[in-house]
Amino acid sequence: MCENAGKGEKIVLCGANAYEQKYYFNRKFDRLPQSVKDELHIICVLFTREVGGVFLIVFEPDGTLAFETDAAEDDLLYDEISSGLLVGEIKRNRQELLESLTLYYRIFILGEDLSELTEESQ
């Protein structure tokens with residue numbers, strides 16, 4: 001299990017920073033398939049390339065997946081409206097990936113029982 005999991009803290013899965021032109025992937029999730037890691041990389045980098053600022057994909061304490069965006073106060077190029085629209089587009093177009101990541105996190109990081117999770121979804 002992840003050392004901060006279940007302690008009421010968010011856990012960053014990955015993110016990108018347009019200011020530093022860097023991508024971050026949390027090594028605690030190295031067991032994810034390479035294709036998933038590649039897809040997350042593409043999502044994060046394209047987001048910051050299109051909107052600017054900083055974009056993070058995080059797990060909330062309850063295991064749900066969330067997107068966080070931020071921009072420097074003096075960043076006049078950051079587009080908050082496009083940010084919201086792009087987050088909505090990612091949620092629609094990548095719904096299966098996001099649901100799979102949530103399930104992965106709840107089982108392998110939080111240690112929840114798979115049978116209980118499948119009962120919840122029915």
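Accessible area of Thr64, 1.4 Å probe, to the nearest 10 Å²?
60
So for the range 35-106, averaging the separation of alpha carbon pairs under 8 Å that are six or more residues apart and normalising by length, what relative contact order in percent results?
29
With every protein chain present, what accessible area does Val12 have (1.4 Å probe, heavy atoms only), rounded to the nearest 10 Å²?
Spelled out: Val12, probe radius 1.4 Å, area about 50 Å².
With every protein chain left in place and a probe of 1.4 Å, what is the accessible surface of Phe55, to the nearest 10 Å²?
Surface accessible to solvent at Phe55 totals approximately 0 Å².
Which order do Ile109, Ile42 take when ranked by solvent-accessible area (1.4 Å probe, heavy atoms of all protein chains), largest first?
Ile42, Ile109
Considering the options Leu13, Ile90, Ser35, tell which one lies farthest towards the positive end of the dipole of the chain, charges being +1 on Lys and Arg and -1 on Asp and Glu at the Cβ, about the Cα centre.
The residue sitting farthest along the positive end of the dipole is Ser35.
In nm, what is the difference between 0.36 nm times the number of residues separating Lys28 and Ile42 and their Cα-Cα distance?
Details: separation 14, 0.36 × 14 = 5.04 nm, distance 1.91 nm.
Separation in residues times 0.36 nm, less the Cα-Cα distance, equals 3.1 nm.
Where a ≥ b ≥ c are the square roots of the eigenvalues of the C-alpha gyration tensor, would you call the chain rounded, which needs a/c under 1.5, or, failing that, prolate if a/b is larger than b/c, or oblate?
Values: a/c = 2.02, a/b = 1.80, b/c = 1.12.
Cα axes put the chain in the prolate bin.
Efficiency by 1/(1 + (r/R0)^6): what FRET value for Ile81 and Glu112, r their Cβ-Cβ distance, R0 = 22 Å, to the nearest 0.05?
Plugging the Cβ-Cβ distance into 1/(1 + (r/R0)^6) gives 0.05.
The values are calculated or read from the model by the stated rules, or taken from the named source; none is laboratory data. On a predicted model such as this, the values are computed, not experimentally measured, just so you know. All Cβ positions, glycine included, derive from the backbone under ideal geometry; neighbour counts span all protein chains shown. Remember, those area values only see protein heavy atoms, side chains included, never the ligands or the DNA or RNA. Shrake-Rupley method; radii C 1.70, N 1.55, O 1.52, S 1.80 Å.
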